[in-house]
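> First the structure, then my questions, so here it is.
The values are calculated or read from the model by the stated rules, or taken from the named source; none is laboratory data. Everything quoted here is computed from the prediction, not taken from an experiment. Ideal geometry is used to build each Cβ from the backbone, glycine not excepted, and the neighbour counts take in all protein chains shown.
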Amino acid sequence: MVIELRPTRGGFLRPFGCGWFIREFLLGKGPEGSLAIDPERGAAQSDINYEYKEALARATARERAERIISRMVLSGADVTEEQAERIYERELKKVSRKFTHMRYHSFLMYFGVLKRLGWVETTGQTEASTIQEYYHPAPGRIYYRLTEKGIAAGDELWSNPLFTLYPEIGPSHMKRPD
C-alpha cells in the first residue's frame, strides 16, 4: 500500500500559504484573525506582510497548544478553557516571528510576481512613510487591492504564483517518481 505524502494548503512548514493569505486579506476577509480591511481601499505591502507574519504565529501557536492539550487529555488531565487559553498565550509568546523564513525582501519579490500576473493593482492612495519624517524624498506607502483577474484566479493558481507566471519552470522543479 502506497500512502502519498503531500502538503496541505500551506505546504510542509506553514499552516497556510502566502498567496492564499494575500488573496483573502485583500478581499477583506481578515483571514486567521488578521485585520479585516476595506477591499476597495486595499493595504500597503508592509501591512500585508505584518499581518501575514502575525497570522502565521497565531496559527502555529494554536497548533502547538492543541498538541499539548491533546497529550494532557490523553494522560487523563482535565483541561479547563482558562488553562487552554494560558497554554495558547504561552505558546504564542514562544513563536519567533522569523520562523517562516520569508524575510521582507522575499515578500516584496513574491508580491512583484503578483503584480506581473496582474492580480494586484495600486489603488492610487498613498500615505507618508515613517522614514519620510527624516528623509523627505523617500517613497510613500502605496496601497494595493486585488484586480478582477486576481479575484477570478483559482486556488491552484494562487498556491504557486511563480509557476503560474512561468509555467515552463514548474515541472523542472518537481521530483520525478522513480
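> Could you give me the residue pairs with C-beta distances under 7 Å whose first residue belongs to the range 140-166 and is over 20 Å from residue 49 (Cα atoms), whose second residue is surrounded by fewer than 16 Cβ atoms within 10 Å (Cβ to Cβ) wherever it lies, and which are 6+ apart or on separate chains?
Note: pairs meeting the criteria are 149/118; 163/169; 163/170; 165/116.
> Additional query: Can you tell me which of 135, 104 is modelled with pLDDT of 85 or more and under 12 Å from residue 45 (Cβ atoms)?
Details: 135 fails: under 12 Å from residue 45 (Cβ atoms).
The unique qualifying residue is 104.
> How many residues are closer than 21 Å to residue 166 by Cβ and either at pLDDT below 90 or assigned to a loop (DSSP other than H, G, I, E, B) (or both) when one looks only at the range 107-132?
2
> Give the number of residues within the range 108-142 that are of a type outside the set (Val, Ile, Thr) and within 15 Å of residue 27 (Cβ to Cβ). Walk me through it before giving the result.
So the first thing to find is which residues in the range 108-142 are of a type outside the set (Val, Ile, Thr), and the list is 108-112, 114-119, 121, 124-125, 127-129, 132-141.
Next cut, within 15 Å of residue 27 (Cβ to Cβ) only: 114, 119, 121.
The qualifying residues number 3.
> Scan (1) assigned to a helix (DSSP H, G or I); (2) β-branched (Val, Ile, Thr); (3) farther than 14 Å from residue 22 by Cα for the single condition residue 142 breaks and write down its number.
Result: residue 142 fails condition (1) only.
> Name the single residue, out of those in the range 33-83 being part of a helix (DSSP H, G or I) and among the hydroxyl-bearing types (Ser, Thr, Tyr), that is nearest to the chain's Cα centre (by Cα). Don't jump to the end; show me each part of the working.
Applying the first criterion (part of a helix (DSSP H, G or I)) to the range 33-83 yields 33, 45-74, 81-83.
Now narrow it down to the ones that are among the hydroxyl-bearing types (Ser, Thr, Tyr): 46, 50, 52, 60, 70.
Working: 46: 12, 50: 9, 52: 4, 60: 12, 70: 26 Å.
Looking at residues that are part of a helix (DSSP H, G or I) and among the hydroxyl-bearing types (Ser, Thr, Tyr), I get 52.
> Related question: Can you name the condition, by its number, that residue 145 falls short on among (1) farther than 15 Å from residue 45 by Cα; (2) surrounded by 13 or more Cβ atoms within 10 Å (Cβ to Cβ)?
All conditions are met except number (1).
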